[in-house]
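Please read through the structure below; I'll follow up with questions.
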């Protein structure tokens with residue numbers, strides 16, 4: 001399944017994930033986003049045979065960028081978890097211009113930081129409708 005190509009990933013300005021492992025991380029990110037959005041993400045261009053109100057190219061690009069950002073987070077979390085588990089001290093971590101230096105982190109600290117960053121990314125790149133199921137309310141309801 002080609003969700004986002006490595007070329008699109010780099011064209012969007014992302015560079016954390018090496019090309020040889022890109023497919024694994026972008027696929028994992030897509031499934032995380034699918035779960036958070038109740039299946040309402042649109043990283044694909046819609047065909048004329050299947051017109052839908054969500055075929056907006058701006059939303060498609062926004063969703064693709066969001067999936068790329070989640071992929072970077074998941075890749076960074078894995079690298080951080082591996083470094084912590086092996087006893088190596090991570091000297092720094094960078095993602096989209098955001099960086100931190102960690103001393104020793106527990107798995108719980110890593111998970112909490114990941115969840116906080118994931119929430120920030122989800123609310124930045126995905127619409128309110130995609131993230132919330134409002135039991136009959138219009139997507140513009142606040």
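Report the residue count in region 65-82 for those that are at pLDDT below 75 and either buried (at least 17 other Cβ atoms within 10 Å of the Cβ) or part of a strand (DSSP E or B) (or both). Before the answer, list the steps.
Keep residues of region 65-82 that are at pLDDT below 75, which gives 79-82.
Going one step further and asking which of them are either buried (at least 17 other Cβ atoms within 10 Å of the Cβ) or part of a strand (DSSP E or B) (or both), we end up with 80.
Residues that pass the stated criteria total 1.
Any residue in region 45-54 that is out of contact with any helix residue (DSSP H, G or I) (no Cβ under 9 Å at 6 or more places or on another chain) and at pLDDT 85 or above?
So in region 45-54, the residues out of contact with any helix residue (DSSP H, G or I) (no Cβ under 9 Å at 6 or more places or on another chain) come out as 47-53.
From the residues that got through so far, the ones that are at pLDDT 85 or above too are none.
For region 45-54, residues out of contact with any helix residue (DSSP H, G or I) (no Cβ under 9 Å at 6 or more places or on another chain) and at pLDDT 85 or above: absent.
Let me ask something else. In region 101-116, which residue that is surrounded by 12 or more Cβ atoms within 10 Å (Cβ to Cβ) and at pLDDT below 70 is nearest to residue 13 (Cα to Cα)? Even if it seems obvious, please write down each step before you answer.
Going through region 101-116, the residues surrounded by 12 or more Cβ atoms within 10 Å (Cβ to Cβ) turn out to be 102, 105, 109-115.
Remaining after also requiring at pLDDT below 70: 102, 105.
Working: 102: 25, 105: 29 Å.
Among them, the one singled out is 102.
Residue-wise test of (1) in contact with a strand residue (DSSP E or B) (Cβ under 6 Å, 6 or more places away or on another chain); (2) part of a loop (DSSP other than H, G, I, E, B); (3) modelled with pLDDT of 95 or more.
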position: 10; (1), (2), (3): no, no, yes
position: 30; (1), (2), (3): no, no, no
position: 34; (1), (2), (3): no, no, no
position: 40; (1), (2), (3): no, yes, no
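The values are calculated or read from the model by the stated rules, or taken from the named source; none is laboratory data. What you see is a predicted model, and the numbers here were worked out from it, not measured in a lab. So basically every Cβ, Gly included, is an ideal-geometry build from the backbone, and we count neighbours across all protein chains shown.
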